[in-house]
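Structure, as structure tokens:
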Amino acid sequence: MKVGNPAELKVPELDEPIKGRVSLVSPALDPGSTTIEVWVEAVKSDPALRPGMSLEVSMTAKTVKDAIVVPTAAVFKNAEAPDYVLLAGSDEKAHQKTVRLGIRNSELTQIAGGINPGDPVVTTEAMQFPTARR
């Protein structure tokens, strides 16, 4: 997280978020809660923003151009082995493929190595709802 990173301010009364940016990242860390103070300012003023109001803020700490990403739920961990994904094989079976992970969030995970763009990654949705067979 650094000054200048993009952010979005989600105001309950508005349909669209307000664009913002990180304006301050405190160097002090609260050791009791591992909380750090971050200030975000709106890029353009908006009358919907009022002092003391509560809103949701989303910040982008890092981005990678042309990254290979998969749903986070499609990445599996094993205590004895590295992270892996399942690839759909031409034999109609899932095959375990070891991957090296990059940036992660709750929705998407960057795959920094181990698979290629276009590889057929099996998602948890596919495993829960298999296709019909004869």
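None of the figures in this text is laboratory data; all of them are computed from the coordinates on show. Quick caveat, the model's predicted, so the values are computed rather than measured. Cβ: placed from backbone, ideal geometry, glycine included. Neighbour counts: every protein chain shown.
Key figures
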| read-out | value |
| --- | --- |
| Formal net charge of residues neighbouring Gly114 (Cβ-Cβ distance under 12 Å; K, R +1; D, E -1) | 0 |
| Semi-axes of the equivalent ellipsoid for the chain, Cα gyration tensor, largest first, Å | 39, 19, 14 |
| Cut-off under 5 Å, modelled amide H: who pairs with Ile68 long-range | Ile111 |
| Pairs of lysine residues in the range 1-99 - Cα separation under 22 Å, sequence separation of 8 or more or cross-chain | 13 |
| Residue-count net charge about Val75 - beta-carbon cut-off 13 Å; Lys, Arg +1, Asp, Glu -1 | +2 |
| Length-normalised contact order of the chain in % [C-alpha pairs under 8 Å, at least 6 apart] | 19 percent |
